[in-house]
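One structure is given here, and the rest of the page talks about it.
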Amino acid sequence: YYIDTADELAACALKLIQNPHLRHIMGTAAQQLVEKDFSIQNELTGYTRLYQELLASAVTGTRCRK
């Protein structure tokens, strides 16, 4: 859902409250998304890259992510 207003948020929340099957489908999709995009390996890779950039910029005196 893309929500722009409080009324839209309330309508979507009510729809989920009233529809257990939709809740299950959305919950499963959300869990898969988090497991894929925010896995431990992805997070470690991101932090490693960040620290490497920071260390390289400290050594060369340049700014990160130009």
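The values are calculated or read from the model by the stated rules, or taken from the named source; none is laboratory data. Only a predicted model underlies this, so the values are computations on that prediction, with no experimental measurement involved. We place every Cβ from the backbone using ideal geometry, glycine too, and count neighbours over all the protein chains shown.
List of remarks:
- Those helices (runs of 4 or more DSSP H) of the chain in which at least 2 residues are modelled with pLDDT of 90 or more and among the aromatic types (Phe, Trp, Tyr), considering only elements entirely within it, cover 40-60.
- All positions within the range 1-11 that are surrounded by 11 or more Cβ atoms within 10 Å (Cβ to Cβ), over 20 Å from the mean Cα position of the chain (by Cα) and either hydrophobic (A, V, I, L, M, F, W, C) or within 17 Å of residue 28 (Cα to Cα) (or both): 10, 11
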